[in-house]
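J.: One structure follows; several queries about it will come next.
The values are calculated or read from the model by the stated rules, or taken from the named source; none is laboratory data. Model, not experiment: these values are computed from the prediction. A quick note on method: Cβ atoms are made from the backbone with ideal geometry, for glycine too, and the neighbour counts reach across all protein chains shown. The area values use the complete protein model at the heavy-atom level, side chains included, leaving out ligands, DNA and RNA. Shrake-Rupley method; radii C 1.70, N 1.55, O 1.52, S 1.80 Å.
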Amino acid sequence: MRAIWKGAVSFGLVSIAVKLYSATEEKDIRFHQVHREDGGRIRYKRTCSVCGEEVTYDDIAKGYDIGGGEMVILTDSDFADLPLTTSRAIDVLEFVPAEQVDPILYNKAYFLEPEGTATKPYVLLRDALADSERVAIVKVALRQREQLATLRVREGVLLLNTMLWPDEVRTPDFGFLGEDLKVRPPELAMASSLIDSMAGEFEPDVFTDDYRAALQEVIDAKVEGREVVQPEEVEAAPAAAVDLMAALKASVERARVARGEQPAAGGGEPTPITSARSAQKAAKAPAKKTAEKKAGGTKKAATKKAAESDAAKKAPAKKAAPKKAPRKTA
């Protein structure tokens, strides 16, 4: 890993020199925009919307739109006058219980490594922080911006988590929040039972990014010139509305079976999927019987007709009665 920042943790009168490293990395597969016909990379030019000229990086400044088509331009010298650009301190403000920090505030994580002779005070802060079962609330200036952050211990290393400011978290404004919705106690009890049946210990290594793996398989197949094996599609649950209580009961039974537990007597309540399949089979059965009955009647009629035809052919032809001779007259 490469250090992206150097500074010091200010802990009372103690200063601990540290290096900052990104603790996470994105594993997304990245693509370039290319010309479909020849694969050439697509390049973009930095042009001015007013004069139309191409602009170099040296001639680019930051502008703040104040509305009405007016722009306030800030140069590098304007940012250089701010005290945060040269600040290299992680100031500890207070220590609070970890559960009081809402996870929605967490942004990005960084590892802190002691630098030079700062190893002993680093270890001292780490152990004291671990024993207190609290996290340190700190302020730090990163990339020309002051940020709120927490300092905690992870696997023997101090971990800095930058946070959003409270006014950066949106307030949900949804219509259903003002509605008077009542949940029946049996439904709540069944939902709690479902949660209990699906409870477990979180092991992040168990979960994988299936989409990224499938996309990588497509890329590898393109490189090797072979066909891509399409994975089997998972059957989606029916969209028809189901009874909430029945769905909860079926979900509990399914969770128990998935955990290797014995289902209830009689196989448990049918799941929404099996219920839909049963309904489809029930709907198809009368139609099938009617078709079979109709086909059977037609077959019998044809057989009877064929039998009559055969009997007519096999029957001997009737002999014509001899004609009586005319009576002679005297």
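J.: If you scan segment 159-202, which residues turn out to be aromatic (Phe, Trp, Tyr) and surrounded by 10 or more Cβ atoms within 10 Å (Cβ to Cβ)? So that I can check it myself, show each step before the final result.
T.: As a first pass, look at segment 159-202 and keep what is aromatic (Phe, Trp, Tyr): 165, 174, 176, 202.
Matches in segment 159-202: TRP165 only.
J.: Provide a single number: the residues in segment 119-145 that are in contact with a strand residue (DSSP E or B) (Cβ under 7 Å, 6 or more places away or on another chain), open to solvent by 50 Å² or more (accessible area, probe 1.4 Å) and assigned to a strand (DSSP E or B).
T.: 2
J.: Still on this structure, please answer the following. Six or more apart or on different chains, Cβ under 6 Å: which pairs go from a residue in segment 23-41 that's under 16 Å from ILE219 (Cα atoms) to one that's surrounded by 10 or more Cβ atoms within 10 Å (Cβ to Cβ)? Could you list them?
T.: As it stands, the answer is ILE29/LEU215, since those pairs meet every condition given.
J.: Looking at (1) loosely packed, with under 12 Cβ neighbours inside 10 Å; (2) assigned to a loop (DSSP other than H, G, I, E, B), can you tell me which one SER87 breaks?
T.: Result: SER87 fails condition (1) only.
J.: Sticking with this one: Tally time: how many residues in segment 174-217 are among the hydrophobic types (A, V, I, L, M, F, W, C) and either in contact (Cβ under 8 Å) with a residue 24 or more places away in the chain or part of a helix (DSSP H, G or I) (or both)? Write out each step before concluding.
T.: The first filter runs over segment 174-217 and keeps only residues among the hydrophobic types (A, V, I, L, M, F, W, C), leaving 174, 176-177, 181, 183, 188-191, 194-195, 198-199, 202, 206-207, 213-215.
Okay, now just the ones that are also either in contact (Cβ under 8 Å) with a residue 24 or more places away in the chain or part of a helix (DSSP H, G or I) (or both), so 176-177, 188-191, 194-195, 198, 206, 213-215.
Total satisfying the criteria: 13.
J.: Since VAL72 meets every condition but one in (1) more than 30 Å from ALA136 (Cα to Cα); (2) surrounded by 10 or more Cβ atoms within 10 Å (Cβ to Cβ); (3) at pLDDT below 90, which condition does it not meet?
T.: (3) is the only condition that VAL72 fails.
J.: Still on this structure: Name every residue in segment 1-59 that is surrounded by 10 or more Cβ atoms within 10 Å (Cβ to Cβ), over 30 Å from TYR211 (Cα atoms) and hydroxyl-bearing (Ser, Thr, Tyr), in order of residue number.
T.: SER10, SER15, THR47
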